[in-house]
Amino acid sequence: MDAQFDRLHEAISASQAYCAAMHACSPTLPPWLHPASVVDRSDLERFAAEMHVGADETFVDFGCGNGAAGLWIAERTGASLIGVDVSRAAIAAAKTIARRRRLSSRSRFIVADAAATGLPGGNADALMSLDVLMFMEPRAAVREMRRLLKPQGIAVMRTVESLAEPFLPTLVRDYRPIFRDEQFTIVHDEHLPDHRGP
Ligand SMILES: C[S@@+](CC[C@H](N)C(=O)[O-])C[C@H]1O[C@@H](n2cnc3c(N)ncnc32)[C@H](O)[C@@H]1O
């Protein structure tokens with residue numbers, strides 16, 4: 001799977017067609033931001049608002065891809081960003097975008113399995129994860145989220161829970177019990193309707 005993600009990120013970085021398609025789909029995104037997920041500006045504003053981070057605080061982008069979503073939030077909030085992704089190509093792209101946005105001093109990107117980052121525990125004020133959890137062994141992933149966060153830290157994420165025929169062995173139908181088992185309090189959760197509904 002790691003090699004597949006590398007190929008995906010190499011293709012995204014090289015493809016003007018991908019960027020054009022992404023911006024046609026989400027025209028409110030700034031031109032430099034082309035994530036590996038369908039996301040629009042209001043989604044990112046929501047991630048930023050719900051993480052409640054500001055200057056002198058640090059958030060983790062768990063499965064950051066090319067880092068652009070987290071960098072946009074870092075730029076807007078003044079917070080520092082640590083991006084983690086298993087794909088070398090993604091992290092190389094993230095470092096390039098950080099340099100172009102003049103955010104290198106406030107951002108750090110590492111190649112690692114997000115379930116075992118090797119980062120010191122209890123340092124992050126918040127954590128975001130955008131369309132990543134379904135690719136990971138869920139308990140190990142959530143345990144690492146808990147370890148990275150300060151005791152009152154906030155995790156905000158979007159993942160897939162429900163497909164008629166799950167295509168990923170790691171996907172679970174309901175992540176909430178796993179978060180509760182790791183001592184998270186679920187403040188808000190929202191289910192989008194299955195796009196293949198009747
Ligand atoms: C759908 S993409 C989303 C990327 C990014 N969050 C975004 O919105 O652009 C899924 C990402 O998860 C990363 N990923 C998958 N499994 C991972 C793991 N075990 N540890 C870290 N990253 C992982 C992939 O490399 C890929 O960048």
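The values are calculated or read from the model by the stated rules, or taken from the named source; none is laboratory data. As the structure is a computational prediction, the values presented were derived from the model and not from experiment. No Cβ is skipped: glycine too gets one built from the backbone with ideal geometry, and neighbour counts run over all protein chains shown.
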Study note, to complete from the structure: Those residues of the stretch 143-163 which are touching a Ser or Thr at 6+ places or on another chain (Cβ under 9 Å) and either at pLDDT 95 or above or in a strand (DSSP E or B) (or both) amount to GLU144, MET145, ARG147, LEU148, ALA155, VAL156, MET157, ARG158
Practice item. Scan the stretch 132-153 and report the pairs whose first residue is under 18 Å from MET51 (Cβ atoms) and charged (D, E, K, R) and whose second residue is within 16 Å of the ligand (Cβ to nearest atom) and in a loop (DSSP other than H, G, I, E, B), with Cβ atoms within less than 6 Å and a gap of 6+ or a chain change. Key: GLU144/ALA115
Practice item. May I ask you to list the residues in the stretch 61-87 that are in a strand (DSSP E or B) and more than 11 Å from the ligand (Cβ to nearest atom)? Key: SER80, LEU81, ILE82
**Study point:** Residue within the stretch 14-35 that is at pLDDT below 90, on the phi < 0 side of the Ramachandran plot and within 12 Å of the chain's Cα centre (by Cα) present
**Key:** yes
Check your understanding: In the stretch 44-71, which residues are surrounded by fewer than 24 Cβ atoms within 10 Å (Cβ to Cβ) and of a type in the set (D, E, K, R)?
Key -> GLU45, ARG46, GLU50, ASP56, GLU57
Review point. Can you tell me which of ALA140, ALA115 is in a helix (DSSP H, G or I), out of contact with any Phe, Trp or Tyr (no Cβ under 9 Å at 6 or more places or on another chain), modelled with pLDDT of 95 or more and small (Gly, Ala, Ser)?
Key: ALA140
Practice item. Could you grab the pairs with beta carbons closer than 7 Å, sequence gap of 6+ or different chains, first residue in the stretch 50-72 and touching a residue at least 12 places away in the same chain (Cβ under 8 Å) and more than 16 Å from ALA112 (Cα to Cα), second one charged (D, E, K, R) and near the ligand (Cβ under 8 Å from one of its atoms)? Key: ALA69/ASP61; GLY70/ASP61
Study note, to complete from the structure: Pairs returned, first residue in the stretch 78-96 that is closer than 11 Å to PHE59 by Cα, second residue that is in a helix (DSSP H, G or I), beta-carbon separation under 7 angstrom, 6 or more apart or interchain, are SER80/ALA74; SER80/ARG106; LEU81/GLY70; LEU81/LEU71; LEU81/ALA74; LEU81/ARG106; GLY83/GLY70; GLY83/ALA94
**Study point:** Flag for ARG102 being over 16 Å from the mean Cα position of the chain (by Cα) and surrounded by fewer than 24 Cβ atoms within 10 Å (Cβ to Cβ)
**Key:** yes
Practice item. Take the stretch 108-135 and flag every residue that is under 14 Å from the mean Cα position of the chain (by Cα) and small (Gly, Ala, Ser). Key: ALA112, ALA114, ALA115, ALA126, SER129
Practice item. Starting from residues that are in contact (Cβ under 8 Å) with a residue 40 or more places away in the chain and either β-branched (Val, Ile, Thr) or more than 9 Å from the ligand (Cβ to nearest atom) (or both), keep the ones in the stretch 8-45 and report whichever is farthest from GLY70 (Cα to Cα). Key: GLU10
